[in-house]
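Heads up: the structure comes next, in structure tokens.
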Amino acid sequence: MSQEKYNNYKQNFIKFFQQTRRMPSYAEMLEIFHFQSKNAVAKVVSKFIDEGLIYKDESGHLVAGADVFGIRLVGNVQAGMPTDAEQEVGEALSLDEYLIEKKDKSYLLEVTGDSMIDAGINEGDLVIVEQGRTPKIDDIVIAEVDHEWTMKYYVKEKNRIILRPANKKYSDIIPDQELKIGGVVTGVVRKY
């Protein structure tokens, strides 16, 4: 099989996984790859395993590899009192897919300043912003106020919009002339 054909099989396989969030069956792979025999599917699956795209768990089921599909979700952990942690091998989870609902309308910004620290947003964090979303009261927004950009809570009082910081050192911002919403913050990413 040529490298071009192999890459095509791989793209179709990944596309199926991204759309369904599960591994295809061998029967489904017959259709995905346009094959006539499961033996041909087995050869492609073997190459996927050799490459680390997928692997087989203890029971022989195909599992998505973390390098291509994201990081495996293996269980949960108690944030209160300690309990026995349970771990199970799960499907791979792409952080992009988990954090970003509309990729074509989203972008990242690096945070400078400390006006949103009480909202858990610190300097150096990345915020995920979705354009075109209509802000609701108490959403965190990226806004252009009188030709300057800021990130604040979107608040409405006495029929006027107020941009409120999440740090008592700062005052509310009341637009004098114009207010444009550049997007609504949908997530925060912090690296330790």
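Do we have residue 192 as surrounded by 13 or more Cβ atoms within 10 Å (Cβ to Cβ) and of a type in the set (Phe, Trp, Tyr) here?
So residue 192 fails the test.
Only one of 120, 90, 65, 70 is at pLDDT 80 or above and surrounded by 10 or more Cβ atoms within 10 Å (Cβ to Cβ); which?
When all the criteria are applied, what remains is 120.
I'd like to know if region 123-142 contains one or more residues that are exposed (fewer than 15 other Cβ atoms within 10 Å of the Cβ) and over 30 Å from residue 95 (Cβ atoms).
No, region 123-142 has no match at all.
Against the conditions (1) at pLDDT 90 or above; (2) of a type outside the set (Ser, Thr, Tyr); (3) loosely packed, with under 14 Cβ neighbours inside 10 Å, where does residue 7 fall short? Just the number, please.
Residue 7 satisfies all of (1) at pLDDT 90 or above; (2) of a type outside the set (Ser, Thr, Tyr); (3) loosely packed, with under 14 Cβ neighbours inside 10 Å except (1).
Return only the number of the condition from (1) surrounded by fewer than 13 Cβ atoms within 10 Å (Cβ to Cβ); (2) aromatic (Phe, Trp, Tyr); (3) assigned to a strand (DSSP E or B); (4) at pLDDT below 90 that residue 107 does not satisfy.
(1)
What pairs can you find where one residue is in region 94-119 and in contact (Cβ under 8 Å) with a residue 40 or more places away in the chain and β-branched (Val, Ile, Thr), the other is assigned to a loop (DSSP other than H, G, I, E, B) and loosely packed, with under 12 Cβ neighbours inside 10 Å, and their Cβ atoms are less than 8 Å apart, with a gap of 6+ or different chains?
Once the first residue is in contact (Cβ under 8 Å) with a residue 40 or more places away in the chain and β-branched (Val, Ile, Thr) and sits in region 94-119, its partners that are assigned to a loop (DSSP other than H, G, I, E, B) and loosely packed, with under 12 Cβ neighbours inside 10 Å give 111/124.
Of (1) over 13 Å from residue 65 (Cα atoms); (2) at pLDDT 85 or above; (3) not small (Gly, Ala, Ser), residue 50 satisfies all except one. Which?
(1)
Can you name every residue in region 139-156 that is at pLDDT 90 or above and over 19 Å from residue 111 (Cα atoms)?
Listed by number, the residues that qualify are 155, 156.
Do any residues in region 1-19 that are within 27 Å of residue 97 (Cα to Cα) and without any contact (Cβ under 8 Å) to a residue 40 or more places away in the chain have Cβ atoms under 7 Å from those of residues that are of a type in the set (A, V, I, L, M) and surrounded by 14 or more Cβ atoms within 10 Å (Cβ to Cβ), where the two are at least six apart or on different chains, and which pairs are they?
9/44; 12/32; 16/32
Name every residue in region 19-30 that is in a helix (DSSP H, G or I) and surrounded by 11 or more Cβ atoms within 10 Å (Cβ to Cβ), in order of residue number.
26, 28, 29, 30, listed by residue number.
Please state which of the following conditions residue 130 fails to meet, knowing it meets all the rest: (1) without any contact (Cβ under 8 Å) to a residue 24 or more places away in the chain; (2) closer than 30 Å to residue 22 by Cβ; (3) of a type in the set (Asp, Glu).
Residue 130 satisfies all of (1) without any contact (Cβ under 8 Å) to a residue 24 or more places away in the chain; (2) closer than 30 Å to residue 22 by Cβ; (3) of a type in the set (Asp, Glu) except (1).
The values are calculated or read from the model by the stated rules, or taken from the named source; none is laboratory data. Computed from a predicted model, the values in this text were never measured in an experiment. Note: ideal-geometry Cβ built from the backbone for every residue, glycine included; neighbour counts use all protein chains shown.
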